[in-house]
Amino acid sequence: MKILLVQPAYYTRYPPLGLLKLAAMHKNKGDEVLFVRGLEHPELRPDVVYVTSLFTYAWKHVHNTVAYYRALYPEAKVVLGGIYATLMPEHARLSGAHEVHTGLVTEAEGYRPDYSLVPEWDSSIMFSMRGCIRKCAFCAVPRLEGKTSGKAQTVRDLIEPGHKKAILWDNNVLGVPNWSDVVDELKDAGVSVDFNQGLDARLITDDIARKLREIRVNPIRLAYDIPSEKPAVESAIESLHSAGFSRRRIIVYTLYNFTDTPEQFWGRVTDLISWGSVSYPMRYEPLNSLTKNRYVSPHWTAEQLEMVAAARRVIGAGGAFPPYQALIDKMTQASSFEDAFSLRGTSRRTKIGIAGTIEEPTPNLSPERTLFRDLFNDPATLQSGVHCAECGSCLAVSDRAFAIQDYAGRYVAYLCPDCHPNKKWINGLWRSTLGDGFTLNGEASPLTIPVLASTVH
Ligand code: B12
Ligand code: SF4
């Protein structure tokens, strides 16, 4: 069989781990394999095209890729898999792929990725375990991989000869009983190690910290996602420091824009830098987000999120808040979140505009509601009438309207079709999603959709 492996042209600095494992598996079966990035025109006439996917909000590149290779090789079967395909399979089907594969390919999991396909890459990436013992509501891992694999697998054979660094994408390696076997194997291999997704601070003891000291881990990554983790995070940093890790080399992912308030986030950042470690803010991204950085949690405003982003750029370093004395003073002496994160003279207002985005269809909705939700990122729970924000006319549930979001993704109002300022753009959005021939309820104009929502957040 001839197989073309494709990584869509979204931004990533990593090679496509899943595809490299699939390549190794297929080569082992005697198949011919070729790997390309983006839209290419290779010589190979493939029987199958495997397209991978990553962040849900990078879906457009994935759809373009599927459409391109379907047109280029009409005879080939196009299969789409990966993270976006697993988290949003219904939406992924709109790409036109012949098959949408969800989850892992168990058979491929044991293979060392075929690094010969990415000769410029010089580190070995691996998962020593899958799933997680926890079920944090903001995290996709329980949905992607389910419960913990129970045991870590051996990593010795996953390290490419000649590679000096191992990057572990494990979700929670300390949550499996044989985690120290992984440490021993990494130590034997003599590689430097990046537990890239963070170690679970709640599980770190003095003994574990000492064991971790046996390998070259730099930096150490932890997470401080909710205020109640404060004692555990403080104690983990203390244990790691006692074991010989520099506090400055402990980077702590700090979730915000989820169920926290800005004040709680400010408190966690202040804790971390006061303890001498680095806070790396992580803006919460919904698991079915189709546009990055659109979501604004009910406890935050777009302006407050912009303040964090600006502070990361201006007074942070590489997007993080290191324990610089001036920063510690600013955070500890501030009287409020606004005071802590304000930057003189740099405030920027969030624009309001029409921002139709596409979200995953909620199962069991009527076709019209599903389409509305697909096209306008609308919460599926709303059903009563609305007023047009422009002309004020009252629109009943059976009438037509467009949702208006600000650029932070909040629903701010609705418009009747007559008042829509950019019909051309909306038409394009509609067609690019559902195809040229699409009509709703048999109507020719894609400019009309039923009003299904009224709540303005
Ligand atoms: C590594 C990683 C990162 C890396 C970058 C990864 C990369 N490739 O570029 C870094 C650290 C930079 C990162 C950052 C972020 N990340 Co991240 N990250 C991950 C992680 C751990 C792995 C992603 C990955 O690349 N996997 C490689 C996959 C595709 O390979 P694989 O699993 O071995 O592949 C198997 C299957 O997927 C399948 N398969 C794959 N492709 C194909 C194709 C076909 C045809 C078939 C049949 C099968 C198949 O078969 C393979 C073998 O079994 C996941 C969590 C996880 N456990 O998956 C989160 C995850 C993807 N990240 C997530 C998030 C939220 C983020 C951030 C937004 C966090 C933040 N707030 O800042 C940032 C965004 C950065 C950005 N640039 O936009 C979310 C995604 C949510 C979403 N809506 O998409 C995830 C799911 C984590 C989570 N806890 O929820 N991340
Ligand atoms: S501990 Fe980490 S990997 Fe596990 S569910 Fe929570 S955030 Fe996800």
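Read-outs: derived from the displayed coordinates by stated rules, not from any lab. Predicted model only: the values in this text are computed from it and were never measured. A quick note on method: Cβ atoms are made from the backbone with ideal geometry, for glycine too, and the neighbour counts reach across all protein chains shown.
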If one computes P(r) from the Cα atoms of region 238-318, what percent of pairs lie at distances over 15 Å?
-> 61
Step through the table entries K2/K29; K164/K187; K230/K330; K60/K292; K21/K147, compare each Cα-Cα distance with 18 Å, and write down the pairs that go over it.
-> K230/K330; K21/K147
Given Cα pairs under 8 Å that are at least 6 residues apart, what percent is the relative contact order of region 97-164?
-> 38
Fewest-first ordering of W121, W275 by Cβ atoms within 10 Å yields W121, W275
Normalised convex hull volume, region 108-244, alpha-carbon set, Å³ per residue = 114
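Just order 178-186, 15-23, 199-207 by mean Cβ neighbour count inside 10 Å, highest at the front, would you?
In descending order of packing, they fall as 15-23, 178-186, 199-207.
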Given a cut-off of 20 Å, what percent of all Cα-Cα pairs of region 2-106 lie beyond it?
-> 30
May I have the extent of the alpha carbons of region 114-341 along their three principal axes, as whole Å values ordered from largest to smallest?
-> 52, 41, 34
